[in-house]
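Take a look at the structure set out below.
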Amino acid sequence: MVYLDNSATTKPWQEVLQAYQEAASSYFGNPSSLHKPGVEAETLLNKARESVAGLLKTKTEEIVFTSGGTEGNNLAIKGTALEHRNRGRHLITTTVEHPSVKEAFWQLEAFGFEVTYVSVDREGRVRPEDIEKEVRDDTTLVSVIHVNNEIGTIQPIQEIGERLEKFPKLYFHTDHVQGAAHVPLDLYAAKVDLCTISGHKFHGVKGTGVLFMKEGTVLSPLFHGGTQEQTYRAGTENVPGITAMAKALRISRQRLATEEQRLCQLKDYLIHRLQEMEEAEVNTPNEGAAPHIVNVSFPGLKPEVIIQELTKRDFHLSTKSACSSKLQEPSAVVEAAGLGLARAESAIRASFSFDTTEQEITELLEIFHEIIPEMKKVMGAKR
């Protein structure tokens with residue numbers, strides 16, 4: 001099997017699963033309990049928090065554990081908007097956000113908030129000055145994705161943060177889910193107040209995540225019923241999952257240090273070969289994009305049909321964000337970048353892991369050269 005849908009989820013590494021199993025069997029106590037098993041579980045939880053904080057280069061008390069990217073984004077966005085609604089009800093985001101961000105803003109609009117959606121260029125990148133000029137006296141939150149989950153574009157988060165620093169009452173959030181393992185971000189240098197990551201995107205287990213909350217940040221919790229996670233996230237912590245996530249993040253950062261260049265070369269190789277195909281239109285930028293995502297369109301063909309043909313050959317890619325891939329709609333990201341409806345309707349995504357090989361990419365290209373022209377002939381015959 002060749003799995004190239006790592007932006008949707010990754011396969012947990014064996015040592016990560018071993019960490020999970022050991023924590024689940026030996027540290028099963030509730031970390032809020034006062035007895036010995038509870039204290040042992042709390043100690044392990046604290047070690048994981050220290051590990052994650054060290055890897056993100058933040059303070060330990062700025063780490064809030066969540067169930068993943070969707071919860072983290074909703075907590076950051078809704079929690080900030082609701083907590084500070086008496087000061088202002090204007091929010092800013094972009095037209096290329098993940099559904100968990102986009103739909104959170106939609107709900108806030110239904111609650112009476114006003115949201116400005118800033119447009120992007122043809123590479124899917126927002127201009128920092130366009131963000132800044134939309135800030136008003138009643139703006140309380142700006143949320144910009146770091147690495148786009150569909151086409152891989154890296155947003156200029158640090159420049160945006162530096163521009164927003166002149167508005168001290170405004171909070172800045174970034175969805176760092178796709179960047180955490182492949183495009184590390186200096187959160188302090190970027191002037192970020194809130195940052196979301198998700199464990200299953202870097203070979204951790206599902207149901208784990210982190211919300212970085214810069215010291216001094218205040219938001220309204222979404223869950224109530226306990227004092228866990230500094231009262232910002234009630235509910236018994238998933239100690240085994242958190243322990244496994246901390247280990248997965250550490251291994252990911254170690255592998256990035258030695259394999260980033262190889263991943264970049266792999267991505268460039270795939271993009272270059274796709275650009276040689278007359279049927280293909282590459283949507284991922286040549287520069288300023290993450291090393292693990294390649295998005296390509298085959299105008300005139302249905303992406304779900306291509307995915308099924310690939311799956312028959314045991315190659316597994318996706319059409320867009322896994323959260324919306326079963327909806328047969330054009331890619332909102334490709335469309336927002338102004339690349340046209342034909343490309344938006346036919347986009348597919350290949351996303352690598354540190355375990356992806358050049359041989360796998362070569363075989364993928366061979367399959368594309370086999371099936372795409374044949375599909376084009378069939379489509380032409382039907383017309």
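The values are calculated or read from the model by the stated rules, or taken from the named source; none is laboratory data. Predicted model, so just to flag it, every value in this text is computed and none were measured. Using ideal geometry, Cβ is built from the backbone for each residue, glycine included, and neighbour counts are taken over all protein chains shown. To get the accessible areas, we keep the full protein, side chains included, count just its heavy atoms, and leave off ligands, DNA and RNA. Shrake-Rupley method; radii C 1.70, N 1.55, O 1.52, S 1.80 Å.
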Practice task
Rounded to the nearest 0.05, what FRET efficiency do residue 265 and residue 206 give with R0 = 45 Å and r taken as the Cβ-Cβ distance? Could you check?
Solution key: 0.90
Completion exercise
Expected unfolding gain across residue 369-residue 32 under the 0.36 nm per residue rule, minus the alpha-carbon gap, is 115.6 nm
Practice task
Just tell me which lysines come within less than 22 Å, Cα to Cα, of residue 377; anything on the same chain fewer than 8 places away is out.
Solution key: 302, 312
Exercise for the section: Just the number, please: Stokes-Einstein D of region 56-111 in µm²/s, Kirkwood Rh from C-alpha pairs, 4 °C, 1.567 mPa s. Expected result: 103 µm²/s
Completion exercise
With 0.36 nm assigned to each residue of separation and the Cα-Cα distance removed, residue 43 to residue 227 gains 64.5 nm
Practice task
Heavy atoms only, probe 1.4 Å: what % of the accessible area of the chain goes to carbon and sulfur, would you let me know?
Solution key: 49 percent
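Would you kindly calculate the translational diffusion coefficient of region 251-383, applying Stokes-Einstein with the Kirkwood radius from alpha carbon pairs, for 4 °C and a viscosity of 1.567 mPa s, and quote it in µm² s⁻¹ without decimals?
Translational D for this selection: 84 µm²/s.
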Practice task
Please figure out what share of the DSSP beta bridges in the chain is antiparallel and state it in percent, rounded to the nearest 5.
Solution key: 55 percent
Fill in the blank from the handout: Zone reached by a paramagnetic label modelled 7 Å from residue 357 Cα along Cα→Cβ, restricted to region 1-29 with backbone N below 15 Å, covers 1-4
Handout entry: Length gained when the stretch residue 158-residue 314 is fully extended (0.36 nm per residue, less Cα-Cα span)
Key = 52.2 nm
Exercise for the section: Provide the per residue accessible area, probe 1.4 Å, for the chain, rounded to a whole number of square angstrom. Expected result: 43 Å²
Practice task
Rounded to the nearest Å, what's the spacing between the alpha carbon centres of region 18-94 and region 156-230? Just the number, please.
Solution key: 11 Å
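Assuming R0 = 41 Å, can you tell me the calculated FRET efficiency for the pair residue 328 and residue 59, based on Cβ-Cβ distance, to the nearest 0.05?
Given R0 = 41 Å and the Cβ-Cβ separation, E is 0.35.
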